[in-house]
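The block underneath contains the structure these notes are about, expressed in structure tokens.
Just so it is clear, none of the values below were taken in a lab; they were calculated from the coordinates. Bear in mind the structure is a predicted one, so any value in this text is a computation, not a measurement. Using ideal geometry, Cβ is built from the backbone for each residue, glycine included, and neighbour counts are taken over all protein chains shown.
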Amino acid sequence: MNNILKIMSNRIVLIVLLIVIQLGLLFGVIIRFNDYFVYFYSVYLVVSMAVIIKIVNNRSNPAYKIAWIIPIMLIPIFGTVIYLVFGNTGYSKKEQIRMSAVQEREKEANLLTSNASEIIDGNLDAKVQSTYLTSYGEAALFGHTTSEYYGTGEESLKGMLDALEAAEHYIFMEYFIVEEGKMWDSILEVLVRKAEEGLDVRFVYDDFGCLLTLPHRYNKKLEELGIKCSVFNPFIPVLSPVFNNRNHRKITVIDGKVVFTGGINLADEYINKVERFGYWKDNSIKIEGEAAWGFTLLFLSMWDFINNTQTDVNPFMPNYKPGELPETDGYYQPYVDSPFDDETVGMNVYLNMINKAKEYVYFTTPYLVIDNLLMEALCSAAKGGVDVRIITPHIPDKWYVHAVTKSNYVRLIEAGVRIYEYTPGFIHSKTCVVDDLYATVGTVNLDFRSLFLHFECGVWMYKGSGVKSVYDDHMATEGVSQLITLEEATNIFWFTKIGRACLAVFSPLM
């Protein structure tokens, strides 16, 4: 009996129950109106027509539009209701204006501190990418920066703990998923100790991402431990499009001098202390030097948005002792992507890298759920003689997303793209490396949610050891991965093909 009461009082059970009740009431009202079918259906046609006109004329991706138009037309009444609840960005115009103001202050602070804009004048392709990111990715290009790449969660955690121990002034952390366990406990112990020493320690987590992993109001516990904590998008069990927009970013900033970003969240599967889908392959990159300041500003902009504050960033600017600032080891540009605007920064970074590739372009991604624009770019590059390779998981975390991933194999392989599946388990890292010149490491998956709906971040790199490290990790990962042949991709049961085709129609909604 106690176990039943415990389950019934669980936060997620209550949330699901409340949402089901709301959906039931909503559809019950609709069914009740069927008694007045002629009048109701006339109103429905007008509303549906208005919704479809809105969808067709907005600036979202065409595949995303089609994915919503289909259920509206196939499931009369219910499809329109579902779109009105879940099909839009969950933020008001007022909130979007407030975020724009925060972003403008952030851009100004970035441009005042970056001195690398003239460095890449000799490479027009690099200049185009950097100029775009300066205008729309919220951060500038930085020199006097070096990096260390970690190809596993275990390596990353060790590097992060060492860096946290060395913190002298402040620690800022922002993550999508946090779960109590060995990884988080080891980090939390350092954070509490540093807060007791008087450092400014701040933490941001996404409430939806932590719905199943943290107790309700966990932020209060962190506050009691001396850690300033803000929850992004607190989850309320009310039908709302706010479900769509999640903070998928992963950032650790230390004193404005060191930063970590990449695919790794703070849970035990990321360091393989628990096994969920075979070996969990992930990555992060530690950046030291001027570019860390760019990520500091990115964190503070999110902090200001959540708390509706205006932080004076000057006290957080790092002071380097003579000789402390590293020599330039390539050039680094932090960037973020936000659903607040119509600018798909993460996708455009990838498109630019694919289109500028002359010799090769290599991706790792946990999901390969892409629109026609990315599909055409990858296929065109391969048909033009560029060596295009993509590594995806062999053991999926979501079977339906993996089914859509596999449905894209045939067209890519026919165009000359080489697809590999990481056979030891699940690969969660998100990287792209091109021609030994450019690379990006961050949080942006090759799927619709990352590319169009989530808050994301990454670092674009030009030259230097960071680019080589991404390349080396890709080749090492490829060495333990299985090359998928065209025969394997096409030799599947007919009902599997039909199932994948049906799922692919709704892939933008996954």
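Quick look at the values:
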| item | result |
| --- | --- |
| Lysines whose Cα lies under 20 Å from that of residue 281, excluding same-chain neighbours fewer than 8 positions away | 158, 182, 250, 273, 398, 406, 430, 468 |
| Cβ-Cβ FRET estimate between residue 498 and residue 193, R0 fixed at 60 Å, reported to 0.05 | 0.60 |
| Virtual spin-label span in nm between residue 74 and residue 96, 7 Å along Cα→Cβ | 2.9 |
| Simple label model, 7 Å out from Cα along Cβ direction - residue 476 to residue 155, nm | 0.3 |
| Virtual spin-label span in nm between residue 314 and residue 43, 7 Å along Cα→Cβ | 5.8 |
| Fraction of alpha-carbon pairs over 26 Å apart in the stretch 345-509 - percent | 21 |
| Calculated FRET value between residue 131 and residue 105, using beta carbons and R₀ = 22 Å, to 0.05 | 0.60 |
| Modelled FRET efficiency - R0 41 Å, residue 53 with residue 380, Cβ distances, 0.05 increments | 0.80 |
| Fully extended contour minus Cα-Cα distance, from residue 373 to residue 165, at 0.36 nm per residue | 70.4 nm |
| Length released on extending from residue 307 to residue 359, taking residue separation times 0.36 nm less the Cα-Cα span | 14.1 nm |
| Potential extension, residue 324-residue 491 segment - 0.36 nm per residue separation minus Cα distance | 54.3 nm |
